[in-house]
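Heads up, the thing below is written out as structure tokens.
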Ligand SMILES: C[S@@+](CC[C@H](N)C(=O)[O-])C[C@H]1O[C@@H](n2cnc3c(N)ncnc32)[C@H](O)[C@@H]1O
């Protein structure tokens, strides 16, 4: 089974970084990461990861266009307050599958994507506005969105930068706006796997990051549904912006 926009390189990698917990041999735990990533490292984290996505753009689209993430879309929409249509930011929208889904439901959705080819594909496929931005150098309007949908995206943000990025996402939400996030989970390892930088948090660590950034948990669940926990590599969670 393929889900959530990750297992696009085929069955050989099905059991490594995406469809099961990440390969521990290739990445370090936070404890082992004694060295802080410097500005050049961070440029490489974003640059090399985005190059990887751009190089594999066509395969990524073929491998993920039919993934069913309606559970995640619904998890966000059902927590939004007020009357639709809602204004939604699809953070790390990739080639635009979910942009189109939100637009077809009548919502006003904007994509954000750092990989040039994917951003172009997303515009063409969905007809939506797509901002080409790096997660690590965001420039977001304040108080603009009812919801932020971050499907298989925030795990590309190194742990040391995550508090800042989450504060930026909080600030782009309206008061009581909602952040949805789904990430491949792990035991708090981070580093390079198969050409992409990823951080694989467990629920306790993820909760600490989100609470510290001013979010209140509304729900969490593991995917795919109906399987034993060890075969549920994805941790999905829904958070409300606290305060004004
Ligand atoms: C696993 S894909 C998920 C795509 C889409 N949300 C989905 O569910 O199919 C992660 C996305 O994040 C984007 N991304 C990764 N690092 C990024 C960065 N530093 N800045 C902007 N986009 C980034 C990738 O280009 C890719 O489109």
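Got a sec? Which strands (runs of 3 or more DSSP E) wholly within the range 122-220 have at least 1 residues that are away from the ligand (no atom under 11 Å from the Cβ), in contact with a strand residue (DSSP E or B) (Cβ under 6 Å, 6 or more places away or on another chain) and farther than 21 Å from residue 240 by Cβ? It would help to see each step written out before you state the result.
Values: elements: 130-132, 145-151, 173-184, 189-193, 196-200.
Fully inside the range 122-220 and qualifying: 189-193, 196-200.
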Inset, instruction - Could you please give the count of residues in the range 54-108 that are more than 12 Å from the ligand (Cβ to nearest atom) and either farther than 23 Å from residue 183 by Cβ or part of a loop (DSSP other than H, G, I, E, B) (or both)? - result: 17
Inset, instruction - Output the number of the condition that residue 219 fails; it satisfies all remaining conditions of (1) under 22 Å from residue 98 (Cβ atoms); (2) touching a helix residue (DSSP H, G or I) at 6+ places or on another chain (Cβ under 6 Å). - result: (2)
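Here, each number is a calculation from the coordinates, and none is a lab measurement. Fair warning: this is a prediction, and the values are worked out from it, not measured in the lab. So basically every Cβ, Gly included, is an ideal-geometry build from the backbone, and we count neighbours across all protein chains shown.
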